[in-house]
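S.K.: Got a structure for you, questions after.
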Amino acid sequence: MTATRIIRPRRSGRYVLFCDHARNTVPAELCGLGLPASELARHIAWDIGAAGVTEALSEILDAPAVLCGVSRLVIDCNRHLDASDLIPEVSDGTAIPGNLHLSEAARAARIETWFHPYHDAVESILLERAAAGAPSIAVSIHSMTASLAGIPRPWKIALSSHRDRRLADPVLAALRRPGDVLVGDNQPYDLNPEVDYSIPFHALRRQLPHLQVEFRQDEIPDASAQRRWALRFAQALLDCPV
Ligand SMILES: [Zn+2]
């Protein structure tokens, strides 16, 4: 099993896409982390629908895309290596038996096997483009549940940004322009460099324009819906003056 899937690594579009929580795959040797298949199908294991949106965006934007190949319950590639939830023991009320009392060796093996290859893949694409003088704009693609603790989320799509709003402001304006959907602006999640890892490490560090986006999962249930949202988001990106 490969940890990381790379699509169109050398395409010339301005955007570089990555999807930290693309899959709910648990390597066979981890025995499903002791969880039933029903738990591994839930959002705790992955960002449902996000991989399909990423693949469609990669095609529409002619952009490289890197998709993590393992569940975030195996290792969360959007967390710092010293974060307590890098390998979560509990997620949304579900205890993860295969993550309890993990030895240092087992922890190190997960980092070496899945975390580093995924981020190395993003890094090598960005380095190669920089060496060739090609600009890069980093976009991190996620999905969010339709409700949290029983409270529906009103935003069908939400952008997370930090102080650099070069991409967030124009994309927000473009998505809101038709007036048909609520678009979250740092709601329900902001981009927190202390918590999030991928955009801070790959984009903030290099001062690349960037965005983290959350598509609401009930809006992207199948390939055609994923493509529809990818088209709308891609158009907002392409309209950007950045
Ligand atoms: Zn995510």
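Computed from the coordinates by the stated procedures, all read-outs in this text should not be read as laboratory data. As the structure is a computational prediction, the values presented were derived from the model and not from experiment. For neighbour counting, all protein chains shown are included, and Cβ atoms are generated from backbone atoms with ideal geometry for every residue, glycine included.
S.K.: For Ile137, list long-range residues whose amide hydrogen, built 1.01 Å from N in the peptide plane, is under 5 Å from its own amide hydrogen.
M.R.: Tyr15, Val16
S.K.: Follow-up question, since we're still on this one. For the chain, set up a Gaussian network in which alpha carbons nearer than 10 Å are linked by springs, and say which option among Glu219, Glu123, Glu104 fluctuates the most.
M.R.: Glu104
S.K.: Moving to a separate point now. Taking the Cα-to-Cβ direction at Asn192 and at Ala131 and moving 7 Å from each Cα, how far apart do the two end points lie in nm?
M.R.: About 3.7 nm, to one decimal.
S.K.: Still on this structure, I have one more. For the chain, what is the mean residue ellipticity at 222 nm derived from helices alone (per DSSP H run of n ≥ 4: -39500 (n - 2.57); sum divided by total residues; nearest 500 deg cm²/dmol)?
M.R.: Working: 7 runs with 69 residues, N = 242.
Rounded to the nearest 500, it is -8500 deg cm²/dmol.
S.K.: Where does the longest stretch of the chain lie that holds no trypsin sites (Lys or Arg not before Pro) found in a DSSP loop with 13 or fewer other Cβ atoms within 10 Å? Before the final figure, lay out each step's value.
M.R.: Details: sites that count: Arg10, Arg163.
Answer - 11-162.
S.K.: Subtracting the Cα-Cα distance from 0.36 nm times the residue separation, let me have the gained length for Leu102 to Leu231 in nm, one decimal.
M.R.: Details: separation 129, 0.36 × 129 = 46.44 nm, distance 4.22 nm.
Once the chain is fully extended between Leu102 and Leu231, it gains 42.2 nm.
S.K.: Below 13 angstrom from the Cβ of Ala95, what's the summed charge of the other residues (Lys, Arg +1; Asp, Glu -1)? Please list the in-between numbers first.
M.R.: Values: positive: none; negative: Glu39, Glu89, Asp92.
So the environment of Ala95 carries a net charge of -3.
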